[in-house]
Amino acid sequence: MKKVLKTMLMGILVLSLSVSAFAKKKIYVGTNAEFPPFEYLENGKPAGFDIDLVEEMGKIMDCDIKVVDMAFDGLLPALQMKKVDVVIAGMTETPERLKTVSFTSPYYKASQVIVVREGENNIKSFDDLKGKKIGVMLGFTGDIVVSKIDNVKIERYNAAYAGIMALKANKIDAIVLDSEPAKNFVAQNGGLEIADVEGAQEEYAIAVRKNDQKLMEELNKALEEVKSNGKYDELIDKYFK
Ligand code: ARG
């Protein structure tokens, strides 16, 4: 009887060891799926350029990618509290964010644009926003840009869609948002257009905890590989053309 038990225990031990040896490492990825085409919900699940990109990187790193959707301004706190391992959310590398987290090499260049109601476009520069009521999204870089302009009334929204709706309902004069999502929302909502104004360039990158050097190196290597093996270009074609 004792021998049987021993053999059984050994069996369980061997089995569990081999299972854990084969189980892939999981990487928890935080995003905010309200930012098409980078991330949005499709049948209730996060999808988009960033999601496909990080999945491709996961294949190279031989890791399982688990995407966790949350509010944008909760992403970096969740990263620091180890609720997620990385954040990919069309997130711009900024000096302020660099104080608390690190960023991989950039994977996309973007800029802030001004969305207005069609036919009401008298905006020729960011300075023309002076004296106007402007919508921005809570915690987005657009807020930083607009906050630097004198004498502007800022309305803050939780998500870009809410800002777009407020603009359509005449509650604000314009919204400032990242270029690609702005194009996306304008294409999907009639009666809006993007003002012909050049905004400063920003770079999107993946955020990682400051002390997670190994993960950072792996991510940068994987990013280089998706750029050289053609996957990155495939995704650009899929989402931006
Ligand atoms: N690029 C802007 C920023 O870093 C906006 C990003 C918003 N992303 C999102 N998934 N909601 O602040």
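The values are calculated or read from the model by the stated rules, or taken from the named source; none is laboratory data. In this text the structure is predicted, and so the values were computed from the model without any measurement. Using ideal geometry, Cβ is built from the backbone for each residue, glycine included, and neighbour counts are taken over all protein chains shown. The protein model used for the area step is the full one, side chains on, heavy atoms only, and it has no ligands, DNA or RNA in it. Shrake-Rupley method; radii C 1.70, N 1.55, O 1.52, S 1.80 Å.
Within segment 37-52, being assigned to a strand (DSSP E or B), free of Cβ contacts under 8 Å to residues at least 40 places away in the same chain and within 11 Å of the ligand (Cβ to nearest atom) holds for TYR40, PRO46. Within segment 56-80, being touching a residue at least 60 places away in the same chain (Cβ under 8 Å) and farther than 13 Å from GLU218 by Cβ holds for GLU56, ALA71, PHE72, ASP73, LEU75, LEU76, LEU79, GLN80.
Out of curiosity, is ASN43 more than 15 Å from ILE206 (Cα to Cα), of a type outside the set (Phe, Trp, Tyr) and modelled with pLDDT of 95 or more? Criteria met by ASN43. Taking every residue in segment 115-133 that is farther than 10 Å from VAL152 by Cβ and pairing it with any residue that is in a helix (DSSP H, G or I), at least 6 positions away or on another chain, the pairs with Cβ-Cβ distances below 6 Å are VAL115/ALA182. With respect to GLU155, is the statement that it is away from the ligand (no atom under 16 Å from the Cβ) and under 21 Å from PRO37 (Cα atoms) true? Judged against the criteria, GLU155 is not a match. Take LYS83 and tell me if it is more than 29 Å from VAL197 (Cβ to Cβ), among the charged types (D, E, K, R) and either in contact (Cβ under 8 Å) with a residue 40 or more places away in the chain or part of a strand (DSSP E or B) (or both). For LYS83, the condition - more than 29 Å from VAL197 (Cβ to Cβ), among the charged types (D, E, K, R) and either in contact (Cβ under 8 Å) with a residue 40 or more places away in the chain or part of a strand (DSSP E or B) (or both) - is met. Candidates are the residues of segment 53-80 that are within 11 Å of the ligand (Cβ to nearest atom) and touching a helix residue (DSSP H, G or I) at 6+ places or on another chain (Cβ under 8 Å); the one that is nearest to LYS99 (Cα to Cα) is LEU76.
Per-residue answers, yes or no, for (1) open to solvent by 10 Å² or more (accessible area, probe 1.4 Å); (2) assigned to a strand (DSSP E or B); (3) at positive phi:
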site: SER105; (1), (2), (3): yes, no, no
site: GLN112; (1), (2), (3): no, yes, no
site: VAL115; (1), (2), (3): no, yes, no
site: GLY119; (1), (2), (3): yes, no, yes
site: LYS124; (1), (2), (3): yes, no, no
site: GLY131; (1), (2), (3): yes, no, yes
site: ASP143; (1), (2), (3): yes, no, no
site: VAL146; (1), (2), (3): no, no, no
site: ILE149; (1), (2), (3): yes, no, no
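In segment 87-103, the qualifying residues are those that are out of contact with any Lys or Arg (no Cβ under 7 Å at 6 or more places or on another chain) and in a strand (DSSP E or B), and the one that is most open to solvent (accessible area, probe 1.4 Å) is PHE103.
In segment 221-241, how many residues are at pLDDT below 95 and in a helix (DSSP H, G or I)? Number satisfying all stated conditions: 1.
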